Amino acid sequence: MKQGHAQSMEQDIKITIIDREGVTHQVDAPTDMNMNLMEVVRAYELAPEGTIGVCGGMAMCASCQCYVLSDHKLPAKSDDEDAMLSEAFHVEENSRLGCQLHIHENMDGLKVELAPEE
Ligand code: FES
């Protein structure tokens, strides 16, 4: 987390993330730091280093795949995200690439589960 985070707490939203061991975490995610969901998972160390965000958030590895469990209206998938998910393993109807989901205030209360490691 970058400095200055403490002053911007009111910008935070709550996200529930179920890790790959099935443990549920409720985390605060800042909406004003241009973060995506994959980076939030990494910031809280909810997946071992090297198992998530492998491509650096370019929609090219699917290591950040997660299942969206709440019924939030999320931005549509880009062609890149769609293409990557069509090649990935363990893909479900509600699969998304975490790195393509930018933290936005309308994601408050979002609940996701990390897909198994490939
Ligand atoms: S980090 Fe590689 S696809 Fe999201």
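A few points about this structure:
- The number of residues in region 90-104 that are aliphatic (A, V, I, L, M) and open to solvent by 50 Å² or more (accessible area, probe 1.4 Å) comes to 1.
- Pair list, Cβ < 8 Å and 6+ apart or interchain, from region 1-23 residues that are open to solvent by 40 Å² or more (accessible area, probe 1.4 Å) and assigned to a loop (DSSP other than H, G, I, E, B) to residues that are acidic (Asp, Glu) and modelled with pLDDT of 65 or more: 20/117
- Filtered residues of region 25-39 (kept if open to solvent by 30 Å² or more (accessible area, probe 1.4 Å), touching a Ser or Thr at 6+ places or on another chain (Cβ under 9 Å) and in contact (Cβ under 8 Å) with a residue 24 or more places away in the chain): 31, 32, 33
- Region 40-52, subset open to solvent by 70 Å² or more (accessible area, probe 1.4 Å) and either touching a residue at least 60 places away in the same chain (Cβ under 8 Å) or within 15 Å of the ligand (Cβ to nearest atom) (or both), residue farthest from residue 18 (Cα to Cα): 49
The values are calculated or read from the model by the stated rules, or taken from the named source; none is laboratory data. Source: prediction; values computed, not measured. A quick note on method: Cβ atoms are made from the backbone with ideal geometry, for glycine too, and the neighbour counts reach across all protein chains shown. SASA here: full protein model, heavy atoms, side chains in, ligands and nucleic acids out. Shrake-Rupley method; radii C 1.70, N 1.55, O 1.52, S 1.80 Å.
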